[in-house]
Structure formats: structure tokens, C-alpha cells
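The values are calculated or read from the model by the stated rules, or taken from the named source; none is laboratory data. Keep in mind that what you see is a predicted model, and the values were worked out from it rather than measured. Please note: Cβ atoms are built from the backbone with ideal geometry, for glycine as well, and neighbour counts cover all protein chains shown. Surface areas here come from the heavy atoms of the whole protein model, side chains and all, with no ligands, DNA or RNA. Shrake-Rupley method; radii C 1.70, N 1.55, O 1.52, S 1.80 Å.
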Amino acid sequence: MNLTFFGAAREVTGSCYRVETDGLRFLVDCGMFQGGRQAEENNRRAPLFDPREIDFVLLTHAHIDHSGLLPRLVAMGFKGPIYCTAPTADLLEVMLLDSAHLQEKEAEWETRHRRRRRGGRVHVRDIAPLYTVAQAQASLKHVRGLEYDHPLHPHPRVRVCFRDAGHILGSAIIEVWVEESGQTVKLVFSGDLGQPDRPLVQDPTPIERADILLIESTYGNRLHKPLEATRQELAQAVNDTLLRKRGNLIVPAFALGRTQELLYMLHELAEAGRIPAHLDVYVDSPMATAATHITLKHLNVLDVDADRLLRAKGKGPRVHFTETVEESMALNSLREGAIIIAASGMCEGGRIRHHLRHNLPDRACTILIAGFQAAGTLGRRLVDGAKEVTLFGERVPVRADLYTLGGLSAHADRDALLGWLARFREAPRQTFIVHGEAATALGFGEQVRERFGWRVETPELGSTYTL
């Protein structure tokens, strides 16, 4: 049995792992690389295997760095089913179609930009999108949504069970039992594990044993602030920007998970009198709007405390969901008093880039970074203190203040990851550290060795291990 790492190996994005054994090949995740030119090149090269040879795909959750290359996989010949939880199946319809729309628009913009740059005198071939909306729609026909904790048999020699990972709505730890040469090997893929005691989602499900374990390490080198400290930071950002400076608060946020958590916390703070009760919050993301409706559909898998907030009527901030491009553009005329939440969370595409272009130069405004920013992304450059950035081919000065909410993370921190590992009753035969930037993944691997004495590897991109 061989395991190959096609992404999220000494990096955070592009999650994709292939398991091969006698007469059987399957993937866990098929995610898009994000962050800079190298990511674009990796996406264009992917997949680095023949999709026609893959029997099925197991998907941990709907985030694009785990699901975003599924349309490309199908377009290049994959014919099998894609298994995930029922909430993830609903979310994929939103996430993949939105991703495809962005791919088409960015390819169209790049083609026009190249033609303008060459003065129209030289023929420029149209830039092809990574995949199209039609290809994304075709991939959705392969998706099969399942319940948590119910066994699945996608192959005569394979049994699968999805457990709640507590990361976002529908996220899963995947347990896989594979029969090989009369023996059963158990593989566990952590997916992205959530931080315990977070709003909306349940705590990650403990797992007691595995022969082969893959565990994420996104925040394996740091501790999150307590949730109350994060509430205080959010209240300070709101009050400082809207009351003292009289500007706008611009929030790049992942449409799925983070947007809903922010709405939850803003309602909490308003009910407690820690921010003004009747602020105007604009959710400027069709995908976030759809994700919020899907969240309401699947309250049965969320924390019971979320039900109280998400069903609240007439309390807290006035939340406006923009629907049209015209409504989105109208927000650019607002010079003060608005909280604008828009995707993408790493500022790599979507409507947030327009709001940054209009608000970054204004000292009265604030940019609130509420999630992980991968190396090479625009969001990471802002966090690292860039004085100016390029948006739509223009240099934009960064004069707005920058706040970061260090504790509002959908990923488990170092102690939470180690705490989840501590629930194993015996050492896995092999543990692989994945989904973390190189230094973080390597450092977390050392901590696992020191604390548990386990056999640990931190695989490189493209590496294959015989299990």
C-alpha cells in the first residue's frame, strides 16, 4: 500500500493524498493551491496522476484548498463518486460554482490586461480559466452526501466513517479501513481540526487508534488567545473605527464558517452592550449569503448555543446581505459607519479586493484580519506590514489601520492538536504531519516525537511512502 502527497505537504494549501493498493486507488481531498505565482503553476499542472485511474474521492470539507480542484479532476476523466458529509455536499454547490466563476472572470481580466499592455498590436491568445462553471456543475453530479458516524463501503475492501472535525460546518475526520492481503489497515485523516469551545461548531471528535495517521499542523507552532480576549479585540476594532475615527471596518472573511462566526460574535457583543446595538453590517458575498442559509438548514450538527443566535430576530446589528453587483458597488460610496464583510478570506479574489482598493488609502478606516493568511497571499502581505499593494494593476497605499483577531481561528492550535493526539490509546504505526508551512510542520513533528515518542514524518510535496 502506497501513500502519495500531492499537496498540503510542508505547505498549507492544495490538500490531496492518494492511497494505492492492489487494484484500488482513491483520493482524500483534491484541493486548490493558493498564494502567489507558484500556486497558479501548481494548479495548472495538477493533477499529477491519471484521474481515470481513481476509484473514488473522500472529501474532508468544502474549503477550496481541500475541494477546489474537483472540477478539474472530473474534466480530465475522473468517473467515480465523491463522498462527503451532507452539509459539505450542500456547500460544494456554492463553493465550486463561485470558484469557477472567479476563474472565468480572472482569466477574462488577464486576457484584457495583456492586450492593453501590448497596445492591441500583437495577437494575444485568450487565457483559459483553470476550469469553467460548466465543468464545476458537471463535478457536482459526482458528489454523494452522507451523515456523520454512519459507515460507508465505497469498495468491497474499504470501509469509511466520517466524524465531526469541529472546523467548519460539515467538516470531517475520515476513518478508513482497507483490507490488504488478508489484513486490515486503518488510516485516519484528520482533515482540518477545530479549536475546542468555539462558537457554532462542535468540538473535534476524539479518535482512539490508527495504523496510519495524517494530522494537520496549520497552527502547530502557536497558541490562540482565549475567546474572551478575541471578543475584546473585536469590540475595540468596532468602537475605535466606527465611533472614534468615523471610518469603515473592512473584514476579509472566509464566506464559509468565519463570516457566520463574526455575525454571531457581533450579536453577542451588541446584546452585552459592548458595541453599539444598531450597527450596519454588510455581508457582501453571494457565497457567504448562501453559506449562511445552508448553516440554518443544518443546525442539527452545530453547537446548540448557535441556534439561539442564528434564529434571533430584531436584535443586535442590522445585517444586510448584498445580492447584486450594483449593490456591492454602492458600498464603495460609504465613507463611514459600515462594517463590510466580504470574501475572499485571504484577499486573493472576490469583492473584498474592491473594498480594499477604496478603503486602504483612508486613515479613518480599519482592515480586520480574522483568519489564517497563507504565504504569498495579499492578506499575508498586509499582515506583514506592506506600505502599498497592487490591486487591479494599480499601486494602492496602505494607510488604514490593521487589526488581527488572533484567537478566532477555525484551526486547532498547538495545545489543542496535542490534546487531540493524546486521546489515542496506542501509537500509530506511522504519523504524517501535513497542512502546515514547512517550519511549522517540522517543528510540530518534533513536538509529537518528544511528547509521545511516535514515529513521525513530515512529507515533501510529491513524496510517496510504502505503508
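Here are some notes:
- Cβ-defined net charge surrounding VAL74, 12 Å radius [Lys, Arg +1; Asp, Glu -1]: +4
- Label of the coordinate-derived value, Cα extents along the principal axes in Å, listed as [x] 69, 62, 39; [y] 82, 59, 43; [z] 68, 48, 45: [x]
- Residue order for GLU40, GLU147, GLU437 - accessible surface, 1.4 angstrom probe, largest first: GLU147, GLU40, GLU437
- Proximal charge balance of LEU243 [Cβ under 13 Å; K/R count +1, D/E count -1]: +2
- Solvent-accessible area of region 8-74 (1.4 angstrom probe, protein heavy atoms only): carbon and sulfur portion equals 40 percent.
- Calculated from backbone phi, Karplus (6.51, -1.76, 1.60) coupling profile of region 25-37 in Hz, x at Gly/Pro: 9, 9, 10, 10, 6, 8, x, 8, 6, 9, x, x, 5
- Rounded to 5, percent antiparallel among DSSP beta bridges of region 114-253: 85 percent
- Whole-number accessible area per residue in Å² for region 41-130, which is evaluated in the context of all protein chains at 1.4 Å: 47 Å²
- Take the Cβ atoms of PHE321 and ALA422, set R0 to 45 Å, and the FRET efficiency comes out at 0.60.
- The residues of region 227-284 have, on average, 31 Å² of accessible surface per residue, using a 1.4 Å probe with all protein chains present.
- Averaging the Cα positions of each part gives two centres, and for region 58-77 and region 182-251 these lie 23 Å apart.
- Judged by the mean number of other Cβ atoms found within 10 Å, the most tightly packed of the peptides 131-141, 12-22 leads the ranking 12-22, 131-141.
- Prolate/oblate/rounded call for region 51-174, Cα gyration tensor, a/c under 1.5 rounded: prolate
- Residues with amide H under 5 Å from that of GLU180, placed H, sequence gap 5 or more: VAL185
- 1.4 Å probe accessible area per residue over region 312-467, in Å²: 45 Å²
- Whole-Hz ³J(HN,Hα) from phi, Karplus 6.51 cos²θ - 1.76 cosθ + 1.60, for region 268-275, glycine and proline x: 4, 5, 5, 4, 7, x, 8, 9
- Three-way shape label, region 30-96, alpha-carbon gyration tensor, a/c 1.5: oblate
- MET329 - accessible surface, heavy atoms, 1.4 Å probe, Å² rounded to 10: 120 Å²
- Anisotropy class of region 348-394 from Cα gyration tensor, a/c 1.5 cut: rounded
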